[in-house]
Amino acid sequence: MNAMEWIQTLLISGLCIPSFCADYRQHCLIETPKSWFDAQSYCRERGHDLATIDDMGAMKSLLALNADRAHDELWIGLHYVGLERWHWSLADKDFYQEGERNYRNFRKYGGRFAAQRNIQWDLKTGGILWFVCYDGNRQGGDRYVLVRLSTTWTNAQGYCRSHHTDLVSIRNSTENQAVAEASVGLSVWIGLFKDAWHWSDGRYSSLRLWDQHAVGGNFPQSCAVMTSHLSGRWSQRSCDELHPFLCTCKQR
């Protein structure tokens, strides 16, 4: 069976639906449990790959594939490789113009989470701080919401996603100044972080939907599952475990 016949068979069986991604990809649920690497090989042998999740629209389409929660844990394409890269918490690719993801104003290095104070950024390994959320439903300076709650970076991210849009992204010096004004000179969490998790197909997506209790650390042979009983949030598992999985099937 060639790649197109495979897609057509899945469409007929109801296991593929169009995603909401701008590049018109499809996601396919394969119900036979496999290890992460065997699942990766299965997808690639058919001209595709394990699912990369670009944004919350794509996430909704994947949840729809498993709407009856017949499978509690499904492999996705995210796995730990050891090479750290910087990401913004807000993953929406339409939010950034060319080069804006790479704006930085570091002062101190040494951690995985960024905090801003008076336009300069410090990198921290942990701790608790107030934080600034971005709210896409507001205009001007009101988009930057100072939350006067001391908490960890991860908890701040969850709060912003629940009550606003996400932890604030800073795309240029103008926005950096605006966020500094919103934070009134305090040290606050912003949305920049680094990790060593990469997507199987090599594409870039900064979306991370970890359940705060489901990530035990960064270890070799760690791969990610989408977890139904956690409302689709992701958990870390040994890549040798057997689970059904999600392929991203690019339309021809």
For region 99-110, check the following and say yes or no: at least one residue is polar (S, T, N, Q) and closer than 30 Å to GLY82 by Cβ.
yes
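For region 61-76, does any single residue satisfy the condition of being more than 20 Å from the chain's Cα centre (by Cα), surrounded by fewer than 13 Cβ atoms within 10 Å (Cβ to Cβ), touching a residue at least 60 places away in the same chain (Cβ under 8 Å) and not assigned by TED's automatic domain parsing to the domain that holds TYR159?
There is at least one residue in region 61-76 that is more than 20 Å from the chain's Cα centre (by Cα), surrounded by fewer than 13 Cβ atoms within 10 Å (Cβ to Cβ), touching a residue at least 60 places away in the same chain (Cβ under 8 Å) and not assigned by TED's automatic domain parsing to the domain that holds TYR159.
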Please work out which one of (1) free of Cβ contacts under 8 Å to residues at least 12 places away in the same chain; (2) buried (at least 16 other Cβ atoms within 10 Å of the Cβ); (3) not aromatic (Phe, Trp, Tyr) is the condition THR174 fails and give its number.
(2)
Exactly one of THR154, THR125, THR174 is of a type in the set (S, T, N, Q) and under 28 Å from TRP75 (Cβ atoms), and that one is THR154
From the list ARG138, ARG143, ARG148, exactly one residue is of a type in the set (D, E, K, R), without any contact (Cβ under 8 Å) to a residue 60 or more places away in the chain and buried (at least 17 other Cβ atoms within 10 Å of the Cβ). Which is it?
ARG143
Quick one: ALA156 ticks every box in (1) touching a helix residue (DSSP H, G or I) at 6+ places or on another chain (Cβ under 9 Å); (2) farther than 21 Å from LYS93 by Cβ; (3) not hydroxyl-bearing (Ser, Thr, Tyr) except a single one, so which number is it?
(1)
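The values are calculated or read from the model by the stated rules, or taken from the named source; none is laboratory data. The shown structure was predicted, so the numbers you read here are calculated from the model rather than taken from an experiment. Methodologically, a virtual Cβ is constructed for each residue, glycine included, from the backbone with ideal geometry; neighbour enumeration extends over all protein chains shown.
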